[in-house]
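Here's the structure, in structure tokens; my notes come after.
Readers should treat all values here as calculations from the given coordinates under stated rules, not as data from a laboratory. Here the structure is a predicted model, which is why all the values come from computation and not from measurement. Cβ sites come from the backbone with ideal geometry, for glycine too, and all protein chains shown count toward neighbours.
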Amino acid sequence: MNPPASKVAVFLHSGDYDRVHQGLAIAASAVASGRRVEVYLFWWALERFLQGRLDAPDFHPPREDVADRFETRRIPTLRELLEHLAESGLCSIQGCTGSLGALGAEQSTEGAPIDGWVGWSAILQRTAGVVDRFYL
């Protein structure tokens, strides 16, 4: 009998497309292997989700060569990765209430692809003992 797979925690702070993509790709790899994942959104990553900027790669500084490669190689967008994560039933996307307040974006939460809202006390409890943590 195999022991249950450990949980993975992904902390997304940066809103840069490449960092958010990397974090969601890590989460997708984990759920593909049957592991539970919790993704926590802070500051600029949270802002990207609230603004719905999940479809077209927007690199800064601009990298048309990389953006073109994303399209020609059919690399999934942030939205497609999120859909995969939701369909798996193994991933939860959580927004930080402190970051939400700091951004002044409380009115922007409707329709955002976020499963719940948590503060640091809950985050610390939920991730206690989690060995696989990724900070981007």
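Would you look at the GNM of the chain, springs on alpha carbons closer than 10 Å, and say which of Ile93, Ile123, Ile75 moves the most?
Ile75
Sticking with the crude label model, points 7 Å out along Cα→Cβ, report the distance from Thr97 to Glu80 in nm, one decimal please.
3.7 nm
At a Förster radius of 22 Å, what calculated FRET efficiency corresponds to the Cβ-Cβ distance of Trp120 and Glu87, to the nearest 0.05?
0.15
Enter the per residue convex hull volume of the chain, computed from alpha-carbon coordinates, in Å³ rounded to the nearest integer.
Each residue corresponds to 112 Å³ of Cα convex hull volume.
Got a sec? Which residues in the stretch 12-55 would a label at Asp65 touch, if it sits 7 Å along Cα→Cβ and we count backbone N under 20 Å?
17-19
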